[in-house]
Structures are given as C-alpha cells and as structure tokens.
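Written below as structure tokens is the structure these notes are about.
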Amino acid sequence: MTNGEGGRGNDLGVLAGRLLFAVQGELFDRLHEEGFADIVPRHGAVLAYLRPEGVRATDVARLSGQLKQVVGVIFDDLEALGYVKRKPDPADRRAKLVVPTARGRRQMDAADSIMADIMNRHAANLGATKFRRFLVDFRTVIDHQRAMTLDAAVESDRRDR
C-alpha cells in the first residue's frame, strides 16, 4: 500500500499527527477561554488519563506510551499549578496515586464537554454510523501499531542481553 493520494505527507503518522494537533489546538484554546489558561498541550499527555479516583503515574506512562520520567515531570507541573495532588495508594502504601483537586476535576469536566462537542461535530459531518466505524477502525490500527512496537522493543531487548 502506498501513502495514498498525494504521496508524502499523507501517511498514517502524518495524518494521525495532523488530527492530534488540530484537536489539541481546539481543546486547549477552548480550555483557555474557560479559565484554564495555565495548562498547555504537553499537559494533555497525562490529563487524558487522569481519573477522579486517581491514577498511578506508572499506569499513565504505560497507557500514554510516555516515559515514566516524562509523566512524573508533567505531574509535577500540574501539582504546582493546583490541578492534582499525590497521596498514598490505599491498595499499596508504597505507591502514590495522582488525584485531581477540585480545580483538576473542573478542568476534566470542561475537557470532557469540549471533546464531546468535537466528537459530535465529526459524527454529524460523517454520519453517526460512519464515525463510530472510524473510531473502531482507528483504535484497531493504534492497538496493532502499539503491539508491533512492543514486540520490536522486546526483541531488541533480547538481542542486547
């Protein structure tokens, strides 16, 4: 299979990146308008995985594909800005949960509402059935790519031993 119409610049990575940047741009512009002007797109790498009950930084790293150190630095930023706090994980006192503060929960609610607007707009544009199918197919491609990347990393680790 080729890169599609137009060749270079229309491959999977470029198209996924263009979608990411367009959605991020709208999301953060609207969040800024709603009073969350102190967060930036790089914070989105962890905000997308934050849960009201809290989440471990290691889980966010795994889910997002980011390094644990990068996730930790972003959580440090968000803690300094008042969006999250760290507390002991009741299931494992050695671990910490990152839990949204009241401001963090308000930001999560605002982001959820904005993302629902964006998703609804695309569903209306494509048609609900086509848009649902697109999401299923897109998730399948993502899962397959992540599995291939993980398999390659495991194989590389084996060769390095």
Inset, instruction - Could you please give the count of residues in the stretch 107-144 that are within 20 Å of residue 60 (Cα to Cα) and either touching a residue at least 60 places away in the same chain (Cβ under 8 Å) or among the hydrophobic types (A, V, I, L, M, F, W, C) (or both)? - result: 5
Inset, instruction - State yes or no: is residue 66 modelled with pLDDT under 95 and not in a strand (DSSP E or B)? - result: yes
Inset, instruction - Search the stretch 26-44 for residues being part of a helix (DSSP H, G or I) and crowded, with 17+ Cβ neighbours inside 10 Å, and hand back the single one that is modelled with the lowest pLDDT. - result: 44
Legend entry - Filter result (under 17 Å from the mean Cα position of the chain (by Cα) and surrounded by fewer than 20 Cβ atoms within 10 Å (Cβ to Cβ)) within the stretch 77-100: 77, 99
Inset, instruction - Give just the number: which of (1) crowded, with 17+ Cβ neighbours inside 10 Å; (2) in contact (Cβ under 8 Å) with a residue 24 or more places away in the chain does residue 61 not satisfy? - result: (2)
Legend entry - Exclusive hit being surrounded by fewer than 16 Cβ atoms within 10 Å (Cβ to Cβ) and under 28 Å from residue 13 (Cα atoms), set 50, 150: 150
Inset, instruction - Please find, within the stretch 101-116, the residue that is nearest to residue 35 (Cα to Cα) out of those that are surrounded by 15 or more Cβ atoms within 10 Å (Cβ to Cβ) and among the aliphatic types (A, V, I, L, M). - result: 110
Inset, instruction - Check the stretch 73-83 and report whether any residue there is in contact (Cβ under 8 Å) with a residue 40 or more places away in the chain and assigned to a loop (DSSP other than H, G, I, E, B). - result: yes
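Looking only at the stretch 101-153, which residues are of a type in the set (S, T, N, Q) and either more than 19 Å from residue 24 (Cβ to Cβ) or over 18 Å from the mean Cα position of the chain (by Cα) (or both)?
The first filter runs over the stretch 101-153 and keeps only residues of a type in the set (S, T, N, Q), leaving 101, 107, 113, 120, 125, 129, 140, 145, 149.
Residues satisfying the conditions are 101, 120, 125, 129, 140, 145, 149.
The values are calculated or read from the model by the stated rules, or taken from the named source; none is laboratory data. Computed from a predicted model, the values in this text were never measured in an experiment. When we count neighbours, we look across all protein chains shown, and the Cβ atoms used for this are built from the backbone with ideal geometry, even at glycine.
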